[in-house]
1. Mind computing the radius of gyration and Dmax over the alpha-carbon atoms of the stretch 143-378? Å is fine for both.
2. Got a sec? Charge dipole of the chain, +1 on Cβ for Lys and Arg, -1 for Asp and Glu; which of 144, 27, 305 is way out at the positive end?
3. If you project the alpha carbons of the stretch 320-393 onto the principal axes, what extent comes out on each, in Å, largest first?
4. Among the aspartates and glutamates, select those whose C-alpha is under 13 Å from the C-alpha of residue 136, and discard any that sit fewer than 8 residues away in the same chain.
5. Trypsin sites (Lys or Arg not before Pro) within the stretch 1-71: which are DSSP loop residues with at most 13 other Cβ atoms inside 10 Å?
6. Can you give me the distance in nm between label points at residue 245 and residue 229, each placed 7 Å from the Cα along the Cα-to-Cβ direction?
7. Hand me the tally of lysine pairs in the stretch 143-378: alpha carbons under 16 angstrom apart, and the pair either on different chains or 8 or more positions apart.
8. If you average 1/r across every pair of different Cα atoms in the chain and take the reciprocal, what Kirkwood value do you get, in Å?
Amino acid sequence: MIDQNIFHNKKVAFHTLGCKLNFAETSAIGKKMSDEGFVKVRSGEEADVCVINTCSVTDTADRKCRQAISKLHRQHPNAIMVVTGCYAQLKPEEISKIEGVDLVLGANEKFSILEHLRNLDGQHAEGEIHTTKINKVKEFRPSCSRDDRTRYFLKVQDGCDYYCTYCTIPFARGRSRSASVAETVEKAMEAIESGAKEIVLTGVNIGDFGAHGNETFFDLIKAFDRIESDVRFRISSIEPNLLTDEIIEFVVNSRHIMPHFHIPLQSGTNEVLSIMKRKYNRELFAHKVQKIKTLMPHAFIGVDVIVGVRGETPELFEESCRFIDSLDISQLHVFTYSERAGTKMLDIEQNTAVPERKKRSDILHLLSDKKTQAFYESQMGKTYPVLWESRHNGDHMVGFTNNYVRVERPYDKSLVNTVEMVTLGDWNEDKSALKIS
């Protein structure tokens, strides 16, 4: 019989790359390991096990993963090295050859890490691979993590049924899947009971919650709004075609869902959206922005854009810039296109040189700065509830309004993880936040 206490007081180090979804999953893995006796390694200690949860959204992400693996191996040369996440699912053979790697666990295996470690019985495996074909991955586990501030990230959905031509996520995470509304609310309640004042809903395509059942994302946020606790929920990235007018109208009078939206646009021209195989056109996107701003003029709207994809000519990029500039949005998240093996985008011959991609990225970052400055200045003099965070910069602490304006005030430890009504003043010294009036 296997000794169930073989992990007692074993030290584990975690390293997570990529999206908030990865952080939520690492947290869930960490809890399972803690329940079995593992303790998190402290600074200066050497770990018995290292767990690296990887990202593979770009070539740069792959490179950062390889660098992180090598760095952890140098820091913990005797540790059993376990690599999981999107990069592990997509390129397990490549990872298995990296010096120090013992186990490579795919999307379906990451939550069975304890069983794989038991099978090793403390011995090194030197690149052992355990993956399942992604089309066989059906299981979903809600998970939640806390960042080093005050927010919790709740995984409500995983996988994606969309096959955009530039993206490998469906190959790394499989089909869209989620738990029930009741199970997801139960996970949120666990976070609230542990002190959560703000929960960000995360996933690959969260608007697709319940896609293969009889529940919807709208059902989920209505259930969250019925919770009798003092808590905020933020909707993370949601596809414009899944952000229904019904959802927008609900947020207007919601108790818990914040007036803060993050909507991927990716391109401001219908020609490039078609090349990308996106499921909307720019007219629909403009309607969503206008709908939000008509009902909630104070709402923060973040927008994802990808520059330099194949088929994006200089003329189409300029047209995209004009369209984005016309939108009443608050911030851009700009991504530079990176070729990914196995994607349909590679079938398009017209390519954009890497220096030109960077130039386009710089242009949109400047446009983003202009949009953010204009939004912040439109909020000066208004009064909002601010949730103060634990992090602070010297004598000042920061927090966010319900509509996601970053605010700074003199540090007061007693205010950490509490909500205070404040009137927004002018910019702080480095224009990274507004001061309280």
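1. Radius of gyration, then largest Cα-Cα span, for the stretch 143-378: 18.3, 55 Å.
2. Positive-most Cα among the choices belongs to 305.
3. Here the spans come out as 52, 32, 21 Å, largest first.
4. Candidates past the 8-residue exclusion: 109.
5. Qualifying residues, ordered by number: 42.
6. 3.5
7. 7
8. So the Kirkwood estimate lands at 23.2 Å.
Rule-based calculations on the coordinates, nothing more; no lab input. Just so we're clear, the structure is a prediction, and the values are computed from it rather than from any experiment. Quick reminder, even Gly has a Cβ in these numbers, built from the backbone with ideal geometry, and neighbours come from all protein chains shown.
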